[in-house]
Amino acid sequence: ILNDKTELDNYEPKQVNINFIEGAFVEILGDDPSKYEIKFINSKNGEVIYETIISNNQWCKTNLTYYVDWEIQIKGIGNTYKKTFKFNPKDNKIFISFETKSLGDTIAFIPYVEEFRKKRNCKVVCSTFHNNLFETKYPNIEFVNPGSVSNNVSALYRLGLFYSNNEIDYNKHPSDPIKEPLQKIASDILGLEFKEIKPLITTYDVKKKKQVCIAIHSTAQAKYWNNPKGWQQVVDFLKLNGYEVILLSKEEDGYMGNKNPIGIIQQPPSDLKTIIKTLQESEFFIGISSGLSWLAWASGIPVILISGFTDIYLEPFKDIERVINKNVCNGCWHTHKFDPGDWNW
């Protein structure tokens, strides 16, 4: 313990540890009872997000885990120590973790990992559940498997849709993710200006065939095209015009009461590489609000999207023809709390 006032005035902490792993973190280590006032500030607007007082050998951290241009001010109480630290990702290693296994979410989010790398001029380590789709197209990103450990990381951000007590967790989202485009969830969390970006995925050298891919199944009845004759009429029309119709959905005929149209060829159980090849052989794709529609869009073929479950702004605009009836119930995903445990929600 330093009893001499002059010694204490001139004292500096033995060590100050700062990182931005799921929030801004400060730890102060030392051998005396000094206290420090800590302020976490958004340097873009000067707002003090969080302030506290800690002693040596204590730490503090923000609840906000999304990207913020942090400025951290540390001021000694009873001593002259005063430092300001500004977060700068440049040349640092940043870890971006996809917390969702959803194919659609993953395809939607991946372009913004690359945008973050380029804008912040940093090294990015990224974990997704579908790394093989992107590794060759984003060679400057280090892809690792979920759960992997990466050393010397200065910041970590998690991408997904996050709830706390069945409500949106605004410590993880700067705005309401339910009321914005799916891709904007990623750009918001990573602190990027939103613009629609088509992701890059592995492409294959295939020849076009006179065929159309469709996908009719999903994870809740509200996502389906609930016209009992719709898909059959579409398939009949396509076949009348000389097209083969490939059903990519893996669900069996009659899944949750939804019959497959007659006259289709169902894709046998396949890996994503085979499905992408089938898509790229096709002239276009018709689907609903599901991961296969995002996969078709990323594969570079025209997409016809039939959805009333989501509003027109959730999915992309470029290279997509949207079919929606605004005169009936629509857009419920954005206006009502979704219950994934109730198939007939």
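The values are calculated or read from the model by the stated rules, or taken from the named source; none is laboratory data. Computed from a predicted structure; not experimentally measured. Methodologically, a virtual Cβ is constructed for each residue, glycine included, from the backbone with ideal geometry; neighbour enumeration extends over all protein chains shown. Ligands, DNA and RNA are excluded from the accessible area calculation, which covers all protein heavy atoms including side chains. Shrake-Rupley method; radii C 1.70, N 1.55, O 1.52, S 1.80 Å.
Laid out as a table, the results:
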item: Spherically averaged projected area in nm², based on the convex hull that wraps the Cα atoms of the chain; result: 20.4 nm²
item: Karplus 3J(HN,Hα) series, Hz, for region 204-221 with 6.51 cos²θ - 1.76 cosθ + 1.60 (x for Gly, Pro); result: 10, 7, 10, 9, 5, 10, 7, 8, 10, 9, 10, 9, 10, 9, 7, 9, 7, 4
item: Among 189, 28, 201: highest mean-square fluctuation, GNM of the chain, C-alpha pairs under 10 Å; result: 28
item: For the chain: accessible area per residue (Å², 1.4 Å); result: 51 Å²
item: Centroid-to-centroid separation of region 16-63 and region 211-247 [C-alpha atoms, Å]; result: 56 Å
item: Surface share of carbon and sulfur [accessible, 1.4 angstrom probe, percent] for region 153-278; result: 53 percent
item: Relative contact order %, the chain, counting alpha carbon pairs below 8 Å whose residues are six or more apart; result: 13 percent
item: Residue 101 long-range amide H proximity, modeled H, under 5 Å; result: none
item: Choice from 79, 92, 140 with maximal GNM fluctuation in the chain (Cα, 10 Å cutoff); result: 79
item: Within a Gaussian network of the chain (alpha carbon springs, distance under 10 Å), most fluctuating of 30, 257, 160; result: 257
item: Charge-dipole axis of the chain as Lys and Arg at +1 and Asp and Glu at -1 on Cβ define it, positive-most pick from 187, 52, 312; result: 312
item: Student exercise, the chain dipole from Lys, Arg, Asp, Glu Cβ charges, in Debye to nearest 20; result: 880 debye
item: Rel. contact order, % - alpha carbon contacts under 8 angstrom, at least six apart, region 81-191; result: 31 percent
item: Contact order normalised by residue count of region 226-345, Cα under 8 Å, 6+ apart, percent; result: 15 percent
item: Nonlocal amide H pairs with residue 124, under 5 Å, H built at 1.01 Å; result: 94, 142
item: Using θ = phi - 60° and Karplus 6.51 cos²θ - 1.76 cosθ + 1.60, couplings along region 123-133 (whole Hz; Gly, Pro as x); result: 8, 10, 10, 10, 10, 9, 8, 9, 4, 5, 6
item: Amide H contacts under 5 Å for residue 286, placed H, 5+ residues apart; result: 213, 214, 215, 304
